[in-house]
1. Collect residues whose amide H, placed 1.01 Å from N in the peptide plane, falls under 5 Å from the amide H of residue 68; neighbours closer than 5 in sequence don't count.
2. Project the alpha carbons of region 3-71 onto their principal axes and report the range along each, largest first, in whole Å.
3. Between residue 39 and residue 80, what is the FRET efficiency for a Förster distance of 30 Å, r being their Cβ-Cβ separation, to the nearest 0.05?
4. Once you charge only the Cβ atoms, +1 for Lys and Arg and -1 for Asp and Glu, what is the size of the charge dipole of region 31-120 about its Cα centre, to the nearest 20 debye?
5. If you take Cα extents along the principal axes in Å from the coordinates, which of [x] 38, 30, 21; [y] 35, 31, 23; [z] 56, 29, 28 do you get?
6. With each label point set 7 Å from Cα along the Cα-Cβ vector, what nm distance links residue 105 and residue 54?
7. For the ranges 36-44, 95-103, what's the packing order if you count other beta-carbon atoms within 10 Å of each residue, average per peptide, and put the highest first?
Amino acid sequence: MDYLSFSKKEWEVLVCFWAVDEPLCCTEFSERFNLNRNTSLSVIRKLVNQGVLEIASIKMSGSVLARRFQPAVSELEILQTGLTDDQIFELVKIAIKKIEDPEQLTQLLNVIGELKTKAS
């Protein structure tokens, strides 16, 4: 999927969903982020159809059932799709240099070891 072709409003809605730690129904989303409910519903529906948002649950909202939505992809997954392999390699090198926790570095070495074994 070409995430870079999202409209400004699609990006705005997606970033808002990434900012919360819980699924939201359209009404909750519109109220929390002060966005027009009809616009929110339209953009959310489009992002669900594209597989970027997913229905997390269904709950009662007043006297009706409401779908609650959450991101189906992370910020990092979307960032990765816009980068070349060389850019990802350079980004990882920079990130590794910033890690000071020996335990995290050991975990990374273990992941690299596993991947080397699979590649052999």
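Here, each number is a calculation from the coordinates, and none is a lab measurement. In this text the structure is predicted, and so the values were computed from the model without any measurement. Using ideal geometry, Cβ is built from the backbone for each residue, glycine included, and neighbour counts are taken over all protein chains shown.
1. Amide H neighbours of residue 68: 56, 57, 58, 59.
2. Result for region 3-71: principal-axis Cα extents of 38, 23, 21 Å.
3. So, using R0 = 30 Å, E works out to roughly 0.55.
4. For this selection, approximately 600 debye.
5. [z]
6. Placing both labels 7 Å beyond Cα along the Cβ direction yields 3.6 nm.
7. The peptides rank, most packed first, as 36-44, 95-103.
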